[in-house]
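This report refers to the structure that appears directly beneath it.
All of the numbers you see were taken from the coordinates with simple rules; none came from a lab. Everything numeric here is computed off the predicted structure, so don't read it as measured data. Quick reminder, even Gly has a Cβ in these numbers, built from the backbone with ideal geometry, and neighbours come from all protein chains shown.
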Amino acid sequence: MMPSFKIILCDILNPINDKRCIKVRKGAIVLKKINKDSTNEYKILDYGSEKKMINSYGHKKSCVVKNRSDQLCLPGFIDTHFHWVQDDVRLMAKKSLLTWLERYTWPYEAKFKSKRYSLKRSKLFHDELLQVGTLGGAVYGSIHGHTVDHALSNFIGDYIVGNVLMTQNSPDYLIQSTCTAKKLIKNLANKYKAKYAVTPRFAPTTCADVMLFGAKQAKKNGSFIQTHLSETENEINYVLSLFKDIKGFEKIKTYTGIYKKCGLLGKRTIMGHGIHLSDEELVMLSKSKTSIAHCPSSNAPVSEFGLGSGLFSFKRIEKAKIHWALASDIGGGPFLSMFDVMRSFVNSNKKAKISNATYTKALYRATLAGAISLNKEKQIGNLDRNKWANFILVPSPKYKKGETAESILKSLSQVSLKKRSRYQDLVLSTWFRGEEVFNRNELF
Ligand SMILES: [Zn+2]
């Protein structure tokens, strides 16, 4: 029998917004079992000082206390943009977005045609996600429908997944007919509803007909929409040169305008990147409540294993009242750990002398803001009471007089650039709905 209550003794950081993160030293988090369909799932009942929590709940029957008092509890991460089928091209040479796609990414994605290969890789990727403490997000597969099935059946967490749609300007080995693309959208949107995302790869590779059809199917089934927008300037010029000759698009002057015309903007839409946007485009995104997935480690210079796409102006986006959250953009981004993404966000803004890019903000944007992008902020995203008990435990930095949530997060994230891969080892355990689904000690 699973206990009705679990109390975990640990330090706690609970992100609330860009400026506020609740810190509890010598704390405890209390989980309560939810008896639904005889599953063993837990929600957060309460958290606070260890003393208070033990006094209030320690006497309960069927209560287990776990002592992790040298560890720090944070919510599970939410990664709002990554390609699970690009795991092997993360560290390949990235001279430019378009050549990296053609040279490495597309040939690699073509391997996923094999169901056996896809299934095998999805199991490995499931392990990787838990090791870095990611428990939700918005995910791109390849053009093959089974990459959606495999991700949704094997990844533990709250994910929405889509198969990329590639009907034009794509290599022979990775192109599909309009008819195949529509069939896949129809079947998968109908099957997975809100767990599915209609996913035009980006405007150059997906014909307007399929984008229009996808938008309608998403609306009908309550599915999401995700695609790439204005990542590099070359890409923008390419898109505009392609669409200016297409009937109905002759007068459209912006990249966002093309997506708008296809019906792709809206509250359930997540646009990847959105770095180079005009004021007019910001208004379109804001009015439609479209959100942006910002991928700082992918946008970072080539010398830092990114694609060198430029600096995302979060201040401009926030001024335009557009919601945004952080994302790893594997494989454009080199590392899956959201700790690396947070560090990249803070450092790239610091280098450009832009203020207020704090770790407190980065943590909020890597957790609760991501839940908002997925329309799941009432159930997941931080450690608030009555949310699912989705969290990670990491080594707690030593207590320092006068410390703040910001200083704790900073010391946690201080790994030199050369050792960035070490972020992958930071998470000691990952918990999904109160169950410990990964424990680093069990790896060895
Ligand atoms: Zn991407």
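Side notes on the structure shown:
- Assuming charge only on the beta carbon of Lys and Arg (+1) and of Asp and Glu (-1), the dipole of the chain about its Cα centre is about 1100 debye to the nearest 20.
- Normalised convex hull volume, region 77-373, alpha-carbon set, Å³ per residue: 111 Å³
- Cα centroid separation, region 320-364 to region 122-168 (Å): 22 Å
- For the chain, the relative contact order works out to 19 percent when only alpha carbon pairs closer than 8 Å and six or more residues apart are counted.
- Of the residues S142, L97, C73, the one whose Cα sits farthest toward the positive end of the charge dipole of the chain, with +1 on the Cβ of Lys and Arg and -1 on the Cβ of Asp and Glu, is C73.
- Its DSSP H runs of at least 4 residues, each contributing -39,500 (n - 2.57), put the calculated 222 nm mean residue ellipticity of the chain at -9500 deg cm²/dmol, to the nearest 500.
- Largest GNM mean-square fluctuation among D46, D209, D79, using the chain with Cα springs under 10 Å: D209.
- Annotation: amide H-H contacts under 5 Å for I292 (H modelled 1.01 Å from N, sequence separation of 5 or more, or interchain): M271, H323, W324, A325.
- Most mobile of K111, K419, K319 in a GNM of the chain (Cα contacts under 10 Å): K419
- Unit charges on C-beta of K, R, D, E only; dipole of region 117-275, Debye: 800 debye
- Under a Gaussian network description of the chain, with springs only between Cα atoms under 10 Å, the residue in R316, R433, R420 that fluctuates furthest is R316.
- In order along region 371-384, phi translates into HN-Hα couplings of 4, 5, 4, 8, 6, 10, 5, 7, 9, 9, x, 8, 9, 4 Hz, rounded to whole numbers, per the Karplus curve 6.51 cos²θ - 1.76 cosθ + 1.60 with θ = phi - 60° and x for Gly and Pro.
- Unit charges on C-beta of K, R, D, E only; dipole of region 79-180, Debye: 320 debye
- Counting neighbouring beta carbons within 10 Å and listing from fewest to most, the residues K43, K113, K244 come out as K244, K113, K43.
- In sequence order, calculated HN-Hα J values of region 320-332 (Karplus, 6.51, -1.76, 1.60; Hz; x Gly/Pro): 7, 6, 10, 6, 9, 9, 7, 7, 8, 6, 3, x, x
- Spatial separation of Cα centroids for region 222-265 and region 388-408, in angstrom: 42 Å
- Averaging the sequence gap over all C-alpha pairs within less than 8 Å and six or more residues apart, then dividing by the number of residues, gives region 132-228 a relative contact order of 26 percent.
- The Cα center of region 3-74 and the Cα center of region 173-208 differ in position by 41 Å.
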